[in-house]
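See structure below.
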Amino acid sequence: MELRQLGGAGISVSELCLGAMTFGREADEATSKAMVDRFLDAGGNFVDTANVYSDGLSEEVTGRALKGKRDQVVLATKVRFQSGPGPNDVGLSRRHIRRAVEASLRRLDTDWIDLYQVHCWDNRASLDETLSTLNDLVHEGKVCYLGASNYTAWQLAKSLGIAEGKGLTPFATLQPEYSLITRDIERELLPLCRSESLAVLPWSPLCGGILSGKYRKEEDLPKGTRGGDAEEPITFTYKLDDRAWNIVEAVRKVADDLGKSSAQVAINWITNRPGVTSPIIGARNLEQLDDNLGSVGWQLDEEHWKALAWASAFPRGYPYDFIEYADH
Ligand SMILES: NC(=O)c1ccc[n+]([C@@H]2O[C@H](COP(=O)([O-])OP(=O)(O)OC[C@H]3O[C@@H](n4cnc5c(N)ncnc54)[C@H](OP(=O)(O)O)[C@@H]3O)[C@@H](O)[C@H]2O)c1
């Protein structure tokens, strides 16, 4: 697997990051450990979890899976969502971040977190409070680098400005939702990250599994899949509109042409988008992981790029269209 620099951070990460959201949930501990080993054997060195995945179990399983291998891995986790029963066990306050980082270090059974990410914008905590607390964690050696996830462009730009103005450690990475189906970050966030040299770590590169091509338009979503098992189908299936089905079909055609799987084509596409550092791949078992690991080491040709661009085109809206027009 190719190594890429983690934005402005002075370290290298593999071009695929292994997501641990399924650990302790769809994947039991033995399967999760086997997936970590397979990923490391394939040259991967980057693993992403969060304090809230499976109520902390994902971090625990990840920590045990990395026993004796911790030094080989760039380990990322997150803070922001509800981590306990109290009204203050949530958010990006000094109190919650400080308590959450200690709990994550304990569960991960490690002395340090390589990349500590805020999981989502928090309307309650001021950026000054959040950024100065995160900066302290860096200086205390508990975390090496900072990242943001699920921020809008103004929120990220403001954070970078405050960090620069106050001499605080800036975010080195952004973890946004990004796939052939969900390309919204191409309007603002991706250009911002490229301009400010932030690493971009797309989550849900298969749009939760849709881009693997396993769902069929006229059929119910099968049980034993994220889509079929979702308690609130709307959170999963709202993207299954005509545009999404057209993209699934275009990906399938490219895959058939190349003798690859749909998942491999969709992940290859995102791994090679300008500005992307490492998409975070998710899997419930070794078969899926092996499939997804086959997404690197080859290139889509011009004709296939065009077919995918055509199928996944989306309205840019104002003022993006206006600015593009002004340049012609
Ligand atoms: N920052 C955030 O807010 C945020 C949000 C979500 C995820 N993440 C991170 O991003 C990682 C990846 O997200 P994701 O799991 O949503 O990624 P994804 O790649 O879009 O979806 C992964 C799911 O798709 C299905 N799948 C994967 N490979 C497949 C294959 N080859 N063939 C058929 N089905 C396949 C599996 O689900 P089924 O088998 O159940 O269908 C798998 O769990 C997570 O582990 C987490 O680290 C972050």
Taking the condition of being closer than 16 Å to SER149 by Cα and part of a loop (DSSP other than H, G, I, E, B), how many residues in the stretch 105-136 meet it? 6
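For every residue, the table says whether it meets (1) under 16 Å from the mean Cα position of the chain (by Cα); (2) on the phi > 0 side of the Ramachandran plot; (3) not basic (Lys, Arg).
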site	(1), (2), (3)
ASN51	yes, no, yes
GLY56	no, yes, yes
LYS69	no, no, no
ARG94	no, no, no
ASP128	no, no, yes
LYS142	no, no, no
ILE162	no, no, yes
Screening TRP298, TRP310, TRP305 for residues that are touching a residue at least 60 places away in the same chain (Cβ under 8 Å), out of contact with any Ser or Thr (no Cβ under 9 Å at 6 or more places or on another chain) and either outside any helix (DSSP H, G or I) or more than 13 Å from the ligand (Cβ to nearest atom) (or both) leaves only TRP310
Scan the stretch 176-188 residue by residue and report those that are assigned to a helix (DSSP H, G or I) and either at pLDDT below 95 or over 14 Å from the mean Cα position of the chain (by Cα) (or both). ASP184, GLU186
Residues that are crowded, with 16+ Cβ neighbours inside 10 Å and at pLDDT 95 or above, at least 2 per element: which helices (runs of 4 or more DSSP H) completely within the stretch 221-278 meet that? 242-258, 262-271
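Yes/no matrix, rows are residues, columns are (1) away from the ligand (no atom under 14 Å from the Cβ); (2) farther than 30 Å from LEU6 by Cα:
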position	(1), (2)
THR173	no, no
LEU211	no, no
GLU218	yes, yes
LEU240	no, yes
ILE247	no, no
ALA263	no, no
Does ARG98 qualify as being more than 16 Å from the ligand (Cβ to nearest atom), in a strand (DSSP E or B) and not hydroxyl-bearing (Ser, Thr, Tyr)? no
Over the stretch 248-275, the set of residues over 22 Å from LEU16 (Cα atoms) and either touching a residue at least 60 places away in the same chain (Cβ under 8 Å) or touching a helix residue (DSSP H, G or I) at 6+ places or on another chain (Cβ under 6 Å) (or both) is GLU249, ALA250
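Out of the residues in the stretch 189-220 that are part of a loop (DSSP other than H, G, I, E, B) and at positive phi, which is nearest to the chain's Cα centre (by Cα)?
The first filter runs over the stretch 189-220 and keeps only residues part of a loop (DSSP other than H, G, I, E, B), leaving 196-198, 201-202, 204-206, 213-220.
Filter once more, so that each one left must be at positive phi: 197, 204, 213.
Details: SER197: 17, SER204: 6, GLY213: 20 Å.
So the residue we want is SER204.
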Among LEU75, LEU57, which is the only one that is touching a strand residue (DSSP E or B) at 6+ places or on another chain (Cβ under 9 Å), among the hydrophobic types (A, V, I, L, M, F, W, C) and either in a strand (DSSP E or B) or within 28 Å of GLY297 (Cβ to Cβ) (or both)? LEU75
Hey, ILE185 hits all of (1) near the ligand (Cβ under 10 Å from one of its atoms); (2) aliphatic (A, V, I, L, M); (3) under 15 Å from PRO279 (Cα atoms) but one; which does it fall short on? (1)
Quick one: in the stretch 14-46, which of the residues that are small (Gly, Ala, Ser) and not in a loop (DSSP other than H, G, I, E, B) is farthest from the ligand (Cβ to nearest atom)? ALA30
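Does GLY167 fit the bill of being surrounded by fewer than 21 Cβ atoms within 10 Å (Cβ to Cβ), at positive phi, free of Cβ contacts under 8 Å to residues at least 24 places away in the same chain and more than 16 Å from the ligand (Cβ to nearest atom)?
It is true that GLY167 is surrounded by fewer than 21 Cβ atoms within 10 Å (Cβ to Cβ), at positive phi, free of Cβ contacts under 8 Å to residues at least 24 places away in the same chain and more than 16 Å from the ligand (Cβ to nearest atom).
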Which residues, counting only those in the stretch 93-132, are without any contact (Cβ under 8 Å) to a residue 40 or more places away in the chain, out of contact with any Pro (no Cβ under 9 Å at 6 or more places or on another chain) and buried (at least 20 other Cβ atoms within 10 Å of the Cβ)? HIS96, ILE113, ALA125, THR130
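The values are calculated or read from the model by the stated rules, or taken from the named source; none is laboratory data. None of the values given here were measured: they were computed from a predicted structure. Every residue, glycine as well, gets a Cβ built from its backbone with ideal geometry; the counts of neighbours run over all protein chains shown.
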